[in-house]
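What follows is a short report on a single structure.
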Amino acid sequence: MLVVIHFLALSQILFKNRFKDDNGSNCLLSVDGVDFKVPNHGRAYYSHKFKGSGLYYKVGLSIQKGDICWLFGPFKFGQYTDLMIFWKGLKNELGRGEKVVADGIYGAEAPLKVRAPGTIFSKPQNQAMEKRVLARHEHCNRRMKQWAILRQEFRHDLSRCFLCNCCHDSDLHSKG
């Protein structure tokens, strides 16, 4: 089953799909994190949310189509901040002038790479749209929970996490 999920992730979650129905906006993705429960692996994997072990993924959702276009992880809770994950993952993949909509945690990247409602760079005329985009992203996360994607524990050895080895690599891919 894990091989099937891996294949689907590689064949269906395509970063280029953020351009589907592109309306010329420089903001094509929303970004948020999702938590997955895993069997007890000690303090290094402890999640206050689960009161047990878990892993954390970053998800990029197309603003125009609602497709998942980017997935990055897994990460141990507390190992990296959201901003560190953004710097090592998505920031370098964005095109020149391209931005993402994200919550205020990413305010340090506003206004160059992030549009975040509530930051000093957020324009009042854009705040309603930005909030709708983030609400849709939360809806996507809720659907993952409803479909038990987030409720089911990953029961295999963590070295079989299918997206990357972030939780095993102390340098977060060792990319500059």
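The values are calculated or read from the model by the stated rules, or taken from the named source; none is laboratory data. Please read these numbers as outputs of a predicted model, since none were measured by experiment. Quick reminder, even Gly has a Cβ in these numbers, built from the backbone with ideal geometry, and neighbours come from all protein chains shown.
The table below lists the values:
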quantity: Test: residue in segment 79-92 that is over 19 Å from TRP147 (Cβ atoms) and acidic (Asp, Glu); calculated: yes
quantity: Of residues in segment 9-36 being surrounded by fewer than 18 Cβ atoms within 10 Å (Cβ to Cβ) and of a type in the set (Lys, Arg), the one nearest to THR81 (Cα to Cα); calculated: LYS16
quantity: Selection status of VAL114, surrounded by 21 or more Cβ atoms within 10 Å (Cβ to Cβ) and under 18 Å from LYS20 (Cα atoms); calculated: no
quantity: Matching residues, segment 37-52, being small (Gly, Ala, Ser) and either at positive phi or surrounded by fewer than 16 Cβ atoms within 10 Å (Cβ to Cβ) (or both); calculated: GLY42, ALA44, GLY52
quantity: Count of residues meeting criterion [modelled with pLDDT under 90, more than 11 Å from LEU71 (Cβ to Cβ) and not in a loop (DSSP other than H, G, I, E, B)] in segment 9-26; calculated: 1
